[in-house]
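This report refers to the structure that appears directly beneath it.
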Amino acid sequence: MHKDVDRSLTGKIGRVTGRIGPGTVGEVMLPFQGGTSAFHAHPFDKTSVFEVGDKVLVIYYEPPQTVYVEELPDVLREA
């Protein structure tokens, strides 16, 4: 395990602003450094597709601007 892995965005919930899917670079907006920033996004499992407006969970952050996401678990969805 790498000790220098940046986990600052792991577990954050983001909103998809550019379709995320296999073989493409999507976009997600995330809370970051006191504001909101756009990040390049890929499906963590390499097969999922997320449409614009979907909420996703960040699993891995690869600085400076790339995240790997998965479906937001039901327990974290708003009622």
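Things to note:
- Gyration tensor (alpha-carbon) shape descriptor, the chain, a/c threshold 1.5: rounded
- A crude spin-label estimate for the pair R19 and Y60, with each label 7 Å from Cα along the Cβ direction, gives 2.5 nm.
- With at most 11 neighbouring Cβ atoms within 10 Å, loop GluC sites (Glu not before Pro) (DSSP) excluded, longest segment of the chain: 1-50
- Trypsin sites (Lys or Arg not before Pro) within the chain: DSSP coil, no more than 11 neighbouring Cβ in 10 Å: K3, R7, K46, R77
- Value of relative contact order over the chain, rounded to a whole percent, pairs C-alpha under 8 Å and six or more apart: 31
- Here the chain carries DSSP beta bridges of which approximately 85% are antiparallel, counting only pairs with both residues inside.
Read-outs throughout are calculated quantities, based only on the coordinates presented, and are distinct from any laboratory measurement. Note that this is a predicted model, so its numbers are computed, not measured. No Cβ is skipped: glycine too gets one built from the backbone with ideal geometry, and neighbour counts run over all protein chains shown.
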